[in-house]
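Data block below; observations after.
The values are calculated or read from the model by the stated rules, or taken from the named source; none is laboratory data. These figures come from a predicted structure and were not determined experimentally. As a convention, Cβ positions derive from the backbone with ideal geometry for all residues, glycine included, and neighbour counts pool all protein chains shown. These accessible areas exclude ligands, DNA and RNA; they are computed on the full protein's heavy atoms, side chains included. Shrake-Rupley method; radii C 1.70, N 1.55, O 1.52, S 1.80 Å.
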Amino acid sequence: MLKRLFWNTRERRLRSFWRLGLYVGAYFLFTEVFILILLFITGMIAVPSGVEHQPFIAGVQPMQIMGNPLVGFLLISGATCLGALGTTFLIGKWIDHRKFKGFGFKFSKTWWKDFAFGITLGAFLMGLIFFFGWITGTVNLRGFFVSFIPNMSFTAVFIQSLLLFVFVGVYEEIVFRGYLLINLAEGLNMKFLGKTWALVISIVLTSLIFGLSHFDNPNATWISTVNIVLTGVFLGIGMFLSGNLAIPIGLHISWNFFQGIVFGFPVSGMNTGAAMIATESAGPVWLTGGAFGPEGGALGLIAIFVGSGLTLLWLRRRGRLMLHADLSVYNPIYRGNKVNPVS
């Protein structure tokens with residue numbers, strides 16, 4: 001009886017709850033290790049270049065590394081991305097018995113077309129928000145190609161911010177719409193629910209976790225948290241209707257990048273270091289999101305619904321829209337395991 005609590009005899013692996021626990025623990029561990037390594041390397045570089053402190057040894061805050069407020073965020077995001085990739089690969093192989101591509105990375109021409117659509121969609125939606133704000137006077141223009149970081153050119157900040165948003169888009173989608181979504185769906189795939197409802201519930205749960213993970217962001221409100229939860233569902237549409245992370249990753253990167261670097265809005269409560277079009281919110285917070293950015297207001301909510309509809313239209317081109325309920329079904333690929341899929 002105790003063994004059944006931990007071990008799924010039919011699947012020959014740990015049960016979903018324990019797999020998720022191991023994944024979360026390994027994710028934080030690997031991420032911290034990568035952060036320490038990168039900060040140590042940065043500290044070694046900082047001394048010869050004349051920087052007064054070594055961040056790894058002196059405990060300097062990330063925003064002070066190398067005298068550049070972006071470098072710390074970039075290093076931490078890069079380390080987190082490495083942590084997510086490494087954890088998903090290792091835990092996926094040795095604990096889940098699943099290849100890495102099974103977490104939404106079945107690369108093909110279709111995958112890359114979906115990725116390009118996601119990039120385009122994020123840019124289009126943020127463009128709509130900016131255009132509406134501009135013509136209604138709820139967004140004021142403050143300049144063009146502006147760097148907000150002293151002694152740093154717009155180009156330097158632009159490149160570093162692009163990398164930052166790529167890292168964030170990749171690791172958040174791998175974790176939330178990749179590993180967590182699939183393992184929750186498999187764990188919930190029981191006879192009284194079935195694989196379709198298991199997938200639907202897992203989408204709701206991962207979106208709730210996604211929203212709550214942004215609750216302590218600067219300038220967050222309950223409205224912004226609800227909107228981020230709905231954003232999680234919006235990002236999940238591409239995954240559960242295509243079976244791949246192409247659309248969510250492309251959309252996530254583009255949404256953040258155009259929101260912050262192109263149109264100068266705060267990104268989930270945080271200001272970016274540069275803007276192609278520097279803007280300032282002049283409308284009511286309930287509409288524009290105020291200091292949290294569009295995601296905290298009605299404009300962001302409208303963009304979520306418009307984007308969801310456009311995603312459905314894009315995927316509808318391939319034929320009838322259907323949930324990839326097979327994401328809830330375990331198909332072992334290691335150690336010669338053979339199991340009967342749960343219906």
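Kindly provide the set of residues from segment 148-166 that are assigned to a helix (DSSP H, G or I) and open to solvent by 60 Å² or more (accessible area, probe 1.4 Å), ordered by number.
Passing the criteria: 155, 159, 162, 163.
Filter segment 87-109 down to the residues that are assigned to a helix (DSSP H, G or I), in contact with a helix residue (DSSP H, G or I) (Cβ under 9 Å, 6 or more places away or on another chain) and without any contact (Cβ under 8 Å) to a residue 40 or more places away in the chain, then identify the one that is least open to solvent (accessible area, probe 1.4 Å). Before the answer, list the steps.
Residues of segment 87-109 that are assigned to a helix (DSSP H, G or I), as a first pass: 87-96, 100-103, 109.
Of the ones still in play, those that are also in contact with a helix residue (DSSP H, G or I) (Cβ under 9 Å, 6 or more places away or on another chain) are 87-93, 95-96, 100, 102-103.
Still in the list and also without any contact (Cβ under 8 Å) to a residue 40 or more places away in the chain: 89, 100.
Working: 89: 100, 100: 53 Å².
It comes out as 100.
In segment 306-331, which residue that is in a loop (DSSP other than H, G, I, E, B) and open to solvent by 30 Å² or more (accessible area, probe 1.4 Å) is modelled with the lowest pLDDT?
331
In segment 125-147, how many residues are open to solvent by 100 Å² or more (accessible area, probe 1.4 Å), touching a residue at least 60 places away in the same chain (Cβ under 8 Å) and among the aromatic types (Phe, Trp, Tyr)?
Qualifying residue count for the region: 2.
So is residue 179 within 16 Å of residue 30 (Cβ to Cβ), open to solvent by 10 Å² or more (accessible area, probe 1.4 Å) and either of a type outside the set (A, V, I, L, M, F, W, C) or within 17 Å of the chain's Cα centre (by Cα) (or both) or not?
On the way: within 16 Å of residue 30 (Cβ to Cβ): yes; open to solvent by 10 Å² or more (accessible area, probe 1.4 Å): no; either of a type outside the set (A, V, I, L, M, F, W, C) or within 17 Å of the chain's Cα centre (by Cα) (or both): yes.
No; evaluated as a whole, the condition is false for this residue.
With the structure loaded, tell me whether residue 166 is at pLDDT 95 or above and within 26 Å of residue 309 (Cβ to Cβ) or whether it fails that test.
Considered against the rule, which asks whether it is at pLDDT 95 or above and within 26 Å of residue 309 (Cβ to Cβ), residue 166 comes out as no.
With (1) assigned to a helix (DSSP H, G or I); (2) open to solvent by 20 Å² or more (accessible area, probe 1.4 Å) as the list, and residue 114 as the residue in question, which single condition is left unmet?
Condition (2) is where residue 114 drops out.
In the set 79, 84, which member is open to solvent by less than 20 Å² (accessible area, probe 1.4 Å), within 17 Å of the chain's Cα centre (by Cα), within 30 Å of residue 31 (Cα to Cα) and at pLDDT below 95?
Exactly one of 79, 84 is open to solvent by less than 20 Å² (accessible area, probe 1.4 Å), within 17 Å of the chain's Cα centre (by Cα), within 30 Å of residue 31 (Cα to Cα) and at pLDDT below 95, namely 79.
Condition first: open to solvent by 30 Å² or more (accessible area, probe 1.4 Å), free of Cβ contacts under 8 Å to residues at least 60 places away in the same chain and not hydroxyl-bearing (Ser, Thr, Tyr). Now tell me which residues in segment 200-228 satisfy that.
201, 204, 205, 208, 209, 212, 215, 216, 222, 226
Before we move on, is residue 182 touching a Leu at 6+ places or on another chain (Cβ under 9 Å), in contact (Cβ under 8 Å) with a residue 12 or more places away in the chain and within 22 Å of residue 304 (Cα to Cα)?
No: the conditions fail for residue 182.
Going through 278, 325, 303, 298 one at a time, which residue ends up being closer than 30 Å to residue 150 by Cα and hydrophobic (A, V, I, L, M, F, W, C)?
The unique qualifying residue is 278.
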